[in-house]
Ligand code: ATP
């Protein structure tokens, strides 16, 4: 019996083999903490982003989006507390030179200042700021100091008034943003789980003080249901509430949604009640009035509380790969030991929605298949493959998680029908060509996560 356990090695190998994720600058030996997204990876990433964006903006009347710059005024990061506090405790081994986060090595090693790798002596713990610094303009001195943003949220806070006034938003309302963030992480193992360059999907929801607890509950519910909609195995998700020692000093309450990755339960996204800290600090540091004026309530003024939902886009991509991955024994007659690797992505996020496969290249089947593909690609991301045995072509599509394989055979030529193979059940249905798009659309809409064999 083969070992079908999902391991990070299997995920990394499939991700490379099938063009999801490559090591950055691989031909130069790679760069730790940075990864490139290949043809399947970028489709998957774009679709996750779209799924989240639709969920947060299109399906919520009171949430609108922005796209703020990565480079911001350096005072932003003083106001936010990042210059002072966005640090990890760092220790180095004097012997093997390995660098550790002091909070991630066994406490007994830290107490004895003994390297967990080689037993050598550890340095004293020092604070290490995770923000990347660079300079703006031609002179490389402190006057041009800027940071690469370590989170997207601050771009939302500093635009609170711009957005509220230009879009005439009334509290409660939210601002959503997807974008790159950079952190000089000390430990970047586990593939794309923790990287120095990554993408976040954040939504900051502005509420009247006193209503924050209610909205906090609401957003915890919404974010949990998002993963259900995405077709994730809900048994692999859990809540983690921040204890008093984890809670940021300004946060009123904070929960993380954790996913069971191959290396154990790890944070996927945070839902935080940030109190009125952010706008108060920016008001103080910028000298601008960031109070909301409630015109429906006698022009009452207040600094809104913020409920934040903060998810990692690239981390969600890793979660989807881990959750979707299955090695499955396929009980083909006469071939008892046939296996396939399949990614059971929700069809809304699968990199390719439909692959068009002529049974044979000859006898006009390829031309007919190309013609059908040309029609389908107006509505869906499609692939076309005519190389090799049909069974092998199905397996290739299974490995990248294509939910529908449209096969064109001799009967197609005669009566204008095609077969559609379902990735999860491997069952085929024959239907007439004019119904194809509508059929695929209906299937996507009614998609339910399939029961896994393993
Ligand atoms: P940690 O304590 O693990 O360093 P964090 O709690 O500081 O992370 P947040 O600042 O709350 O993380 O970031 C929100 C989300 O952004 C995280 O839940 C995660 O999905 C994502 N994220 C944070 N840091 C990274 C990173 N280095 N690489 C990839 N994704 C990240």
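Quick note: the coordinates plus some simple rules give every number you see, no bench work behind them. What you see is a predicted model, and the numbers here were worked out from it, not measured in a lab. Every residue, glycine as well, gets a Cβ built from its backbone with ideal geometry; the counts of neighbours run over all protein chains shown.
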Give the peptides 109-116, 140-147, 52-59 in descending order of average Cβ contacts within 10 Å, highest first.
52-59, 109-116, 140-147
Please determine, in degrees from 0 to 90 and to the nearest 10, the orientation of helix 390-400 with respect to the longest principal axis defined by the Cα atoms of the chain, where the helix direction is its Cα long axis.
10 degrees
In Å, the Kirkwood hydrodynamic radius of the stretch 359-400 over pairs of distinct alpha carbons?
11.2 Å
In nm, to one decimal, how far is the modelled label at residue 438 from the one at residue 134, with both set 7 Å along Cα→Cβ?
5.2 nm
Given a Förster distance of 25 angstrom, what is the FRET efficiency for residue 167 paired with residue 286, based on the Cβ-Cβ distance and rounded to 0.05?
0.75
With every atom except the alpha carbons ignored, what do you get for Rg and Dmax of the stretch 293-391, in angstroms?
24.3, 79
What full-extension length gain, to one decimal in nm, is calculated for residue 26 and residue 413 as 0.36 nm per residue of separation minus the Cα-Cα distance?
134.7 nm
Find the percent of Cα-Cα distances in the chain that exceed 38 Å, and round it to a whole number.
35 percent
So what's the stretch 382-437 giving for Rg/Rh, alpha carbon basis, Kirkwood Rh from the mean inverse pair distance?
0.95
Mind checking the angle between helix 313-324 and the chain's longest principal axis? C-alpha axes, 0 to 90 degrees, to the nearest 10.
40 degrees
Taking Rh as the Kirkwood radius, which is the inverse of the mean 1/r over Cα pairs, what is the Rg/Rh value for the stretch 46-200?
1.08
Got the relative contact order for the chain handy, in percent, Cα pairs under 8 Å and 6 or more residues apart?
13 percent
Under Stokes-Einstein, the stretch 1-125 at 4 °C and 1.567 mPa s, with its Kirkwood radius over C-alpha pairs, diffuses with a coefficient in µm²/s of 66 µm²/s
Consider a paramagnetic label point 7 Å from the Cα of residue 431 along Cα→Cβ; state which residues of the stretch 347-365 have an amide N under 16 Å from it.
347-348, 353-357
The stretch 208-354 - percent relative contact order, Cα under 8 Å, separation 6 or more:
20 percent
Kirkwood Rh and Cα Rg combined as Rg over Rh, evaluated for the stretch 187-270
0.98
Give me the angle, in degrees from 0 to 90, between the Cα long axis of helix 277-286 and the longest principal axis of the Cα atoms of the chain, rounded to the nearest 10.
60 degrees
Ranked on Cβ counts within 10 Å of their own Cβ, fewest leading, 280, 412 go 280, 412
As a check on your grasp of the helix formula, calculate [θ] at 222 nm for the chain: sum -39500 (n - 2.57) over DSSP H runs of n ≥ 4, divide by the residue count, round to the nearest 500.
-8500 deg cm²/dmol
Grab the Cα-Cα distance for residue 362 and residue 127, subtract it from 0.36 nm times how many residues apart they are, and report the gain in nm with one decimal.
77.9 nm
Based on Cα coordinates alone, diagonalise the gyration tensor for the stretch 127-195, multiply each eigenvalue by 5, take square roots, and list the semi-axes in whole Å, largest first.
29, 21, 9
Figure the gain on full extension for residue 371 and residue 83 (residue separation times 0.36 nm, minus the Cα-Cα span) and round it to one decimal in nm.
97.9 nm
How high is the FRET efficiency from residue 340 to residue 96, r the C-beta distance, R0 35 Å, rounded to 0.05?
0.25
Roughly how many nanometres apart are two label points built 7 Å out from the Cα toward the Cβ at residue 378 and residue 71?
4.5 nm
So for each of 251-259, 238-246 I average, over its residues, the number of other beta carbons within 10 Å; can you give me the resulting order with the highest mean first?
251-259, 238-246
Where the Cα atoms of the stretch 117-236 are projected onto their three principal axes, how long is each span, largest first, in whole Å?
54, 47, 27
For a Förster distance of 22 Å, can you work out the FRET efficiency between the beta-carbons of residue 235 and residue 189, rounded to the nearest 0.05?
0.30
